[in-house]
1. What angle do you read, to the nearest 10 degrees and between 0 and 90, between the alpha-carbon axis of helix 37-63 and the longest principal axis of the chain?
2. Setting aside same-chain residues fewer than 8 positions from Lys5, which lysines have a Cα under 30 Å from its Cα?
3. Could you tell me the calculated FRET efficiency between Thr34 and Arg128, based on Cβ-Cβ distance and R0 = 30 angstrom, to the nearest 0.05?
4. Among Leu10, Ser33, Ala52, which residue has its Cα furthest toward the positive end of the charge dipole of the stretch 1-62, with +1 on Lys/Arg Cβ and -1 on Asp/Glu Cβ?
5. Taking R0 as 22 Å, what's the FRET efficiency between Ile51 and Lys155 from their Cβ-Cβ distance, rounded to 0.05?
6. How far is it, in nm, from the label point at Lys112 to the one at Asn59 when both lie 7 Å from their Cα along the line to the Cβ?
7. Working out 0.36 nm times the residue gap between Glu140 and Asp85, then minus their Cα-Cα distance, what length gain in nm do you get to one decimal?
8. Give a residue-ordered list of calculated ³J(HN,Hα) values for the stretch 146-151 (Karplus: 6.51 cos²θ - 1.76 cosθ + 1.60, θ = phi - 60°; whole Hz; x for Gly, Pro).
Amino acid sequence: MLSKKILENLSEQMNKEIYSGYFYLGMSDYAASTGLGGFANWFYAQWKEEIAHAKVILNYINKNGQRAMLKAIDEPPQDFTSGQDLFEKTLAHEKKVTGLIKALVELARTEKDTETENFLQWFVKEQREEESTPAGILEEIKKAGEKGIKEIDKKLSARK
Ligand code: FEO
């Protein structure tokens, strides 16, 4: 059984994962509206991945015989300016999420909840990828410049 504090914080993280999904759905929407179909595809896949992250947390809460505390999802920013801007904002966002996960690990340690601390290790590992993938794409975009954006778009269209 999870303590009230752990349950509240895991529920909050579940909410943040759904928020992340919503944030990326908005990016997909922006990209599609500007003819960057590959970018739109990449962010749509990212939206699905974030919802899957939320489900991993929900499953863990349920496995402990408890229910998540559902709260409203915040409105994400929608003021995007370019494909490069999307990946700059993605990287900044994922760095924040990594901080949230680290704080959760700290909390589990303080609460002496080893099971939750172990559970969170999957997210710690996942966040490395969540930061390194957009960082790599951002570098490619910068190198390619405006002229090479269609080539990057083609690459991003391959993500399933
Ligand atoms: Fe669920 Fe992008 O971290």
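The values are calculated or read from the model by the stated rules, or taken from the named source; none is laboratory data. What you see is a predicted model, and the numbers here were worked out from it, not measured in a lab. Ideal geometry is used to build each Cβ from the backbone, glycine not excepted, and the neighbour counts take in all protein chains shown. Note: accessible area is taken over every heavy atom of the protein model, side chains too, but ligands, DNA and RNA are not part of it. Shrake-Rupley method; radii C 1.70, N 1.55, O 1.52, S 1.80 Å.
1. Computed tilt is about 0 degrees.
2. Output for Lys5: Lys16, Lys48, Lys55, Lys63, Lys71, Lys95, Lys96, Lys102, Lys112, Lys125.
3. Working: r = 30 Å, r/R0 = 1.00.
Efficiency computed from Cβ-Cβ geometry: 0.50.
4. Leu10
5. Values: r = 24 Å, r/R0 = 1.08.
The formula returns an efficiency of 0.40 here.
6. If labels sit at Lys112 and Asn59, their model points lie 3.0 nm apart.
7. Working: separation 55, 0.36 × 55 = 19.80 nm, distance 1.31 nm.
18.5 nm is the gain from fully extending Glu140 to Asp85.
8. 4, 5, x, 5, 5, 5
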